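One structure is given here, and the rest of the page talks about it.
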Amino acid sequence: MTGKKKQLYIETYGCQMNVADSEVVASILKSDGYEICSEAANADLILVNTCSIRDNAERKVLSRGRELQALKKKKPELRIGIIGCMAERLSETLFEKLKGIDLLAGPDSYKKLPDLLRQAEIEKKAADVVLSTTETYEDIDPEHYQTGSITAFVSIMRGCNNFCSYCVVPYTRGRERSRPLQSILQEIEALYEKNFHEITLLGQNVNSYHFSDAGKEFDFPALLDRIASEFPQLRIRFATSHPKDLSEALVKVMANNKNICKSIHLPVQSGSDVVLKRMNRKYTSADYLKKIELLRKHMPDISISTDVIAGFCGETDEDHQATIDLMKKADYYYAFMFKYSRREGTAAAKMQDDVPEKIKSERLTEIINLQQELSLQNNRRDIGKTFEVLVEGHSKRSKKQMFGRTEQNKVVVFDAENILPGTFVNTVITDCTAATLKGKIV
Ligand code: 5AD
Ligand code: SF4
């Protein structure tokens, strides 16, 4: 091929699944002659991979879209595509909202991107938002261009069948489907050969992974066990787990494999049983706490993080207090906390979004402050302990400091200048904030 390759810039919003999807998109378009570039200003094609989970996520993309419109005015040959959850949810109405957009592709339409781009050249616009029940992109080898060369995301399943009443994901990402075992193993093998040291297995609900191979059934614990024993040198993480599906088998696989990180993200959403029922979460706070007890019984040093929604429909002061109480009992080391945001088309959209904005904000502030305190206490308990840290690079603040993560997923900053990223070092923790541990190499 002669001449300069067409430049592709992908901007990614939202969850880790989107980060992984952008890598699939990069690979598909690379095969079509594009090259990834790191600045929007240099691109021939800009794709914005979007998130619909809350209204503010969508608003952010819309305002970014307007900036890109301005860029296109100066550079009419620029092509702009909106892909992912917002393309799926809003489909062609996005062409009205954001003039100058050339194409739309939903989460299951990425293989069609080359065709859509050609169609957009002829017909000015092109869109495909058809959801699939089978697409897993198993035959695409993702371009791991975003997470550096040490850690990578590996998608193992797509979609969600849980229909939590507040959540738009089952509508934007469609039905649950699992990626074939061999394709997962091949991708991990390739990452291992490229000297990656850590992988995170991804899915909206990894615990519902299911695949049969030559008459043998693989559920998530079986998959995890297989990966852990086949790649003993790799650190393995996974996300996200639905508490209702977290089994004793999974806990045992985690506990029995040294290379599975002792860390789990277990979104609770609320501590009130009435609210959990209204959210269609299918567990009570007692069920949830039992799972935490089980995890800690088998892995006393496990770190547990969560997601919490403040101000869901009908949430009373008592419900909110129940969330506070549960957060204390669960003793999370980290939490993502959000105000409830009504999503059109979900079951909760038919309920009364009756918690006033001011109360939602107050409750959110209260849980954020509580979590800040829990994180600090949690980190303080690590002072004096020694942790193995996978070095990721230099700290943003100083060239004389480097950072890495413990298997509990905590960031440790330590004095060092020339350690190769990807090296494992032992550090003893000497100090901390709520967000980071400070360590010394031993
Ligand atoms: N409003 C607020 N938070 C939400 N989440 C999902 N849907 C909503 C919504 N409508 C949160 C949940 C989920 C995380 C990814 O986003 O806590 O676990
Ligand atoms: Fe949304 Fe619930 Fe599915 Fe998670 S499990 S993606 S919160 S519907």
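The values are calculated or read from the model by the stated rules, or taken from the named source; none is laboratory data. Since the structure is predicted, the reported quantities are computational estimates derived from the model, not experimental observations. Note that each Cβ is placed from the backbone with ideal geometry, even for glycine, and that neighbours are counted across all protein chains shown. Ligands, DNA and RNA are stripped out before the accessible areas are found, and what is left, the full protein with its side chains, is counted by its heavy atoms. Shrake-Rupley method; radii C 1.70, N 1.55, O 1.52, S 1.80 Å.
Some notes on this structure:
- Close pairs from region 204-229: first more than 16 Å from ligand 1 (Cβ to nearest atom) and at pLDDT 95 or above, partner part of a helix (DSSP H, G or I) and open to solvent by 50 Å² or more (accessible area, probe 1.4 Å), Cβ under 7 Å, at least 6 apart: 221/249
- Where residue 262 falls short, out of the listed (1) within 16 Å of ligand 1 (Cβ to nearest atom); (2) crowded, with 17+ Cβ neighbours inside 10 Å: (1)
- Contact annotation: residue pairs with Cβ atoms under 7 Å, 6 or more positions apart or on different chains, pairing a residue in region 338-365 that is in the same structural domain as residue 308 (by the TED database) with a partner that is assigned to a helix (DSSP H, G or I) and among the aromatic types (Phe, Trp, Tyr), are 345/171.
- Residue among 292, 236 that is away from ligand 1 (no atom under 16 Å from the Cβ), open to solvent by less than 20 Å² (accessible area, probe 1.4 Å), of a type outside the set (Phe, Trp, Tyr) and in the same structural domain as residue 340 (by the TED database): 292
- Count - residues of region 156-175 that are within 6 Å of ligand 2 (Cβ to nearest atom), more than 14 Å from the chain's Cα centre (by Cα) and among the β-branched types (Val, Ile, Thr): 0
- Annotation note: of 131, 113, the sole residue that is in a loop (DSSP other than H, G, I, E, B), hydrophobic (A, V, I, L, M, F, W, C) and within 27 Å of residue 157 (Cα to Cα) is 131.
- Screening residue 111 against (1) of a type outside the set (Val, Ile, Thr); (2) under 20 Å from residue 245 (Cβ atoms); (3) at pLDDT 95 or above; (4) open to solvent by 70 Å² or more (accessible area, probe 1.4 Å) leaves a single unmet condition, (2).
- Remark: pairs (first residue in region 76-88, on the phi > 0 side of the Ramachandran plot and part of a strand (DSSP E or B); second residue among the small types (Gly, Ala, Ser) and open to solvent by 10 Å² or more (accessible area, probe 1.4 Å); Cβ separation under 9 Å; 6+ apart in sequence or on different chains) = 84/14.
- Qualifying residue in region 230-250 (condition: of a type outside the set (Asp, Glu), touching a strand residue (DSSP E or B) at 6+ places or on another chain (Cβ under 6 Å) and assigned to a helix (DSSP H, G or I)): no
- Of the residues making up region 306-337, those that are outside any helix (DSSP H, G or I) and crowded, with 21+ Cβ neighbours inside 10 Å are 306, 308, 309, 310, 311, 312, 315, 332, 333, 335.
- Filter result for residue 43 (without any contact (Cβ under 8 Å) to a residue 60 or more places away in the chain, more than 18 Å from residue 71 (Cβ to Cβ) and either open to solvent by less than 40 Å² (accessible area, probe 1.4 Å) or not acidic (Asp, Glu) (or both)): no
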